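In what follows, a structure is listed as structure tokens, so that the remarks can point back to it.
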Amino acid sequence: MHSKTEDIIVESVGEMSSSMIEYHLKRLNAFEWNISGWHENTYRYVFRRFVRSKPKTLREKYEMLKTFSSPGISDLAEETSAVTKDFVLYTVVTKQVQAIGEEYIAGITENAEKYLCLKNANEIYRFQDVYQKYSDPYHQLKLACKYAVRKKCTLLIANLGDVLFDALFYDIINNYGCELQAVDFPLLNRKNLPVFLGLALYKDIKQHDMKKKKPGKRNI
């Protein structure tokens, strides 16, 4: 099951210029558009965007973990037959990464490029999510997964360490079914994805349980 999309209708007197279409794509956080029709001189444009992903509730995480069945850890070498030589590079710039600075972000990309060079692989396209309050945190990840599936490429995560325990991150990738690798976690592949998702769910639930058990302050 892929991430849900929604269509936004924008009407225009006359045809839109390419710069105006680009403006609406950015304004609506849309990834594609088309003309659905026109009447006299009024044009009707449809802009398509992803529905914002929401983190799972604690109850949903419990339900997912109850049905979780680990396939066991597989070695990366076992998965090489399924991995192509064409890669889609994905980087996520979290709040923590932003705090460290631009030099660190450039280093992440540089390490990914070295990784591809060592594998004698091709970088077909690259996507990057940058944390912004109130926006969909993984909009570009959805585009990267969609692109990787359509082009039959492997998704390469440049910095998994920054979202290592985010269940939403793995859930999105799992929905698309693309092959994947990570520069900083060689054991991440399509077969091991449920293990990483299970660990993230377990950590969230454990943290919640520990907060519930934390004793309150006593009045003296």
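Quick notes
- Accessible area in the full protein assembly, largest first, 1.4 Å probe, for Cys117, Cys145: Cys117, Cys145
- As a length-normalised measure over Cα pairs under 8 Å and 6 or more apart, the relative contact order of segment 95-163 settles at 29 percent.
- Subset of Lys4/Lys85; Lys95/Lys146; Lys114/Lys146; Lys114/Lys152; Lys85/Lys151 violating a 19 Å alpha-carbon distance limit: Lys4/Lys85; Lys95/Lys146; Lys114/Lys146; Lys114/Lys152
- Residues whose amide H comes within less than 5 Å of that of Val130, counting only those at least five positions distant or on another chain, are Val93 (H built at 1.01 Å from N in the peptide plane).
The values are calculated or read from the model by the stated rules, or taken from the named source; none is laboratory data. Just so it is clear, the model here is predicted, and its values are computed rather than measured. Protein only, heavy atoms only, side chains kept; ligands, DNA and RNA dropped before computing areas. Shrake-Rupley method; radii C 1.70, N 1.55, O 1.52, S 1.80 Å.
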